[in-house]
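Written below as structure tokens is the structure these notes are about.
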């Protein structure tokens, strides 16, 4: 038994936390983590489970890696400055979109008159956006894949998929402690 596993004791009702469960899967060598940049439309990160293996999702997310570069100027009449730093990505299982996530921000400002102020607007989303992947899995055949794809781009982002693998046909088990 690995030295840090003894603290993972069976709880009343037999339930483990996500952290405990994933720690056991990591100890068994079954955890899969794929991370990479999806900086342009059609960029993907992906994982292809081997034939005879089933991939179970734990989590999937995207996070922005750029900041808006446009800045507004106080001079001029009627000028407009806008900035977008957004990514929309799709979580796909065997080419079927299961969820989408949007992350980033957009701003816009217009000078009404030189040196007399103006108006502006903007919105921002969380710095990290999670996909709903609860209950998702993929029985591998060596060709089918799970992926996160950039489907609408005005910025740069990193994507991450975390899950574990079991032999197809076997019920996922937690190691006995």
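The values are calculated or read from the model by the stated rules, or taken from the named source; none is laboratory data. None of these values were measured; they are calculated from a predicted model. Every residue, glycine as well, gets a Cβ built from its backbone with ideal geometry; the counts of neighbours run over all protein chains shown.
When each of 70, 50, 26, 90 is tested for being over 22 Å from residue 166 (Cβ atoms) and at pLDDT 75 or above, the lone residue that passes is 90. Please go through the stretch 143-166 and give me each residue that is modelled with pLDDT of 95 or more and outside any strand (DSSP E or B), ordered by number. Passing the criteria: 143, 144, 145. Scanning the stretch 101-117 for residues that are crowded, with 16+ Cβ neighbours inside 10 Å and modelled with pLDDT of 75 or more gives 101, 103, 104, 105.
In the stretch 121-134, the residues that are at positive phi and in a strand (DSSP E or B) never reach a residue that is at pLDDT 85 or above and surrounded by fewer than 14 Cβ atoms within 10 Å (Cβ to Cβ) with C-beta atoms less than 8 angstrom apart, at least six apart or across chains.
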